[in-house]
Amino acid sequence: MKTYKPTTPSRRNMTTVSYRGVITTNDPYKPLTHGFKRGVGRNAFGRITSPYKGGGHKRSYREIDFKYDIMDIPAKVETVEYDPNRSGFISLVSYRNGAKRYVLLPKSMKVGDTFIVSEKADLEPGNRLKLSNIPVGTYVYNIEVKLHAGAKLVRSAGVYAQVVAHDNGYTSIKLPSTEVRKIVDTCYACIGEVSNEEFRLRNVGKAGRSRNLGRRPKTRAMAKNAVDHPYGGGEGAQPRGTRRPKTKYGKTTGGHKTRKPKKYSNVHIVSRRVVRKKK
């Protein structure tokens with residue numbers, strides 16, 4: 001991690017990930033980038049549906065290959081790059097047939113390394129193969145939920161899942177949340193862990209940096225007017241006045257379970273995640 005001299009109060013505790021010696025280029029591969037509309041918390045009518053979002057630094061979108069649809073052809077890592085739209089590092093890879101793709105980079109791979117997408121691939125970091133061919137105890141990331149639908153699970157910086165069992169056409173995966181879930185064993189997953197594991201240690205340090213990330217200032221509920229929040233109104237500081245904590249819409253929160261009891265994917269959960277207190 002990179003720290004700074006305390007030249008200002010905001011600099012005192014600020015930390016960032018040190019990219020020197022890791023990132024190999026600052027210029028993205030133009031054919032795989034394009035502009036896009038940022039999510040600013042508004043719906044189709046322009047009304048705020050997710051508050052305190054908006055602004056932020058302008059970004060270009062990198063088209064990441066989560067489907068890995070080029071099979072049985074080796075690919076070579078050409079670059080290691082920073083992606084403003086995700087927490088892990090990405091890399092430009094070139095397949096032996098000439099195709100180029102952006103992929104999510106695993107922890108131990110570097111420029112010049114190769115990987116392959118194949119049912120019979122070796123258990124090496126970056127290789128992608130069916131869950132049925134991955135032994136119990138192996139760390140995986142970029143996990144599919146439906147065959148050839150693309151990776152949906154375990155894509156954030158420094159995370160990994162673990163294969164814990166094979167049974168009756170399903171593979172049980174222990175996710176980073178500690179939830180154990182069954183996935184059809186014909187789905188594909190990559191071997192290893194996602195890069196940039198130090199991302200979780202960063203300290204934003206100042207409000208201006210949060211604005212650059214697209215986060216707007218949050219107003220305390222008790223500082224609002226009564227029309228804007230159940231906690232609002234009153235002369236001076238007032239207690240909450242309600243039995244249970246609520247959102248501005250009156251929905252209970254603070255430990256209340258929000259998952260639908262009849263959610264379609266509940267049948268695939270072997271054990272629910274362990275809920276821990278925030279530090």
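The values are calculated or read from the model by the stated rules, or taken from the named source; none is laboratory data. These numbers come from a predicted model, not from an experiment. Here the Cβ positions follow ideal geometry from the backbone for every residue, glycine too, while neighbour counts run over all protein chains shown.
Tabulated data
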read-out	value
Whichever residue in segment 90-111 is closer than 18 Å to residue 124 by Cβ and part of a loop (DSSP other than H, G, I, E, B) and, among such residues, is modelled with the lowest pLDDT	108
Candidate set: segment 136-168, residues that are in a loop (DSSP other than H, G, I, E, B) and polar (S, T, N, Q); chosen: the one nearest to residue 71 (Cα to Cα)	142
Unique residue being outside the structural domain of residue 69 (by TED's automatic domain parsing) and modelled with pLDDT under 90 when the list is 270, 227, 274	274
Pick from segment 169-193, criterion assigned to a loop (DSSP other than H, G, I, E, B) and small (Gly, Ala, Ser), ranking: farthest from residue 268 (Cα to Cα)	192
Of the criteria (1) surrounded by 14 or more Cβ atoms within 10 Å (Cβ to Cβ); (2) of a type in the set (S, T, N, Q); (3) part of a loop (DSSP other than H, G, I, E, B), which one residue 10 fails	(3)
Hey, residue 155 in contact with a His (Cβ under 8 Å, 6 or more places away or on another chain), among the basic types (Lys, Arg) and modelled with pLDDT of 95 or more or not	no
Selected residue (only one of 120, 130, 110 is touching a helix residue (DSSP H, G or I) at 6+ places or on another chain (Cβ under 8 Å), over 23 Å from residue 272 (Cβ atoms) and not aliphatic (A, V, I, L, M))	120
Qualifying residue in segment 21-37 (condition: surrounded by 12 or more Cβ atoms within 10 Å (Cβ to Cβ) and charged (D, E, K, R))	no
Residue list for segment 9-53, restricted to those being of a type in the set (Phe, Trp, Tyr) and touching a strand residue (DSSP E or B) at 6+ places or on another chain (Cβ under 7 Å)	29, 36, 52
Whichever residue in segment 232-264 is surrounded by 10 or more Cβ atoms within 10 Å (Cβ to Cβ) and not in a loop (DSSP other than H, G, I, E, B) and, among such residues, is modelled with the lowest pLDDT	252
Residue within segment 56-67 that is among the polar types (S, T, N, Q), within 19 Å of residue 127 (Cα to Cα) and either out of contact with any Phe, Trp or Tyr (no Cβ under 8 Å at 6 or more places or on another chain) or not in a strand (DSSP E or B) (or both) present	no
